[in-house]
Amino acid sequence: MRSEYRENRSCMTRNDVSHAGHRVIIGPLSAMNRFAAAIIGGYLFAYGFTALATLAGFRVGLPYSEAQVLAWMLGAFVYLGAILWGFVPRSTMQAWLGLAGGGAAMGAAAFVLSRWTA
């Protein structure tokens, strides 16, 4: 077991990552794209969550300013979780679709619901 570890470790370069026994090479552009997906996509996800949570809090009966502040506070934790989740999917496209797509869907839902229930 120990010698297998040394053999596998010696053949890996600085940009190689082992994923479930498969060797995956990550270049600098791929790494920057992953960071952009985590930071920008995570921001869009948190923004969509904040819009939807503000609307939900207001519809439940909170004053608008309190619903907005509560949504902002929860949005900070959602942003942290979204950034961390941005590095979980195997492909960068899945990270972009999950974060930016989810944020766009929540933002659109908040917009439609705010117009529909007004």
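Observations, loosely collected:
- Exclusive hit being aliphatic (A, V, I, L, M) and modelled with pLDDT under 95, set 108, 76, 46: 108
- Pairs, first farther than 19 Å from residue 41 by Cβ and surrounded by fewer than 14 Cβ atoms within 10 Å (Cβ to Cβ) in segment 51-76, second at pLDDT below 95 and among the hydrophobic types (A, V, I, L, M, F, W, C), C-beta under 7 Å, six or more apart: 64/58
- Per-region count, segment 67-106, residues within 8 Å of the chain's Cα centre (by Cα), within 12 Å of residue 34 (Cβ to Cβ) and among the aliphatic types (A, V, I, L, M): 3
- Number of positions in segment 29-39 that are in contact (Cβ under 8 Å) with a residue 12 or more places away in the chain and more than 9 Å from residue 83 (Cα to Cα): 3
- Scanning segment 103-118 for residues that are surrounded by fewer than 18 Cβ atoms within 10 Å (Cβ to Cβ) and not aromatic (Phe, Trp, Tyr) turns up 104, 105, 108, 109, 112, 113, 114, 115, 117, 118.
- Qualifying residue in segment 50-58 (condition: modelled with pLDDT of 60 or more, closer than 16 Å to residue 91 by Cβ and either part of a helix (DSSP H, G or I) or of a type outside the set (Gly, Ala, Ser) (or both)): no
- Verdict on residue 115 being touching a residue at least 60 places away in the same chain (Cβ under 8 Å) and over 15 Å from residue 42 (Cβ atoms): no
- Looking across segment 80-118, just one residue is part of a loop (DSSP other than H, G, I, E, B) and touching a Leu at 6+ places or on another chain (Cβ under 7 Å), and that is 86.
The values are calculated or read from the model by the stated rules, or taken from the named source; none is laboratory data. None of these values were measured; they are calculated from a predicted model. Methodologically, a virtual Cβ is constructed for each residue, glycine included, from the backbone with ideal geometry; neighbour enumeration extends over all protein chains shown.
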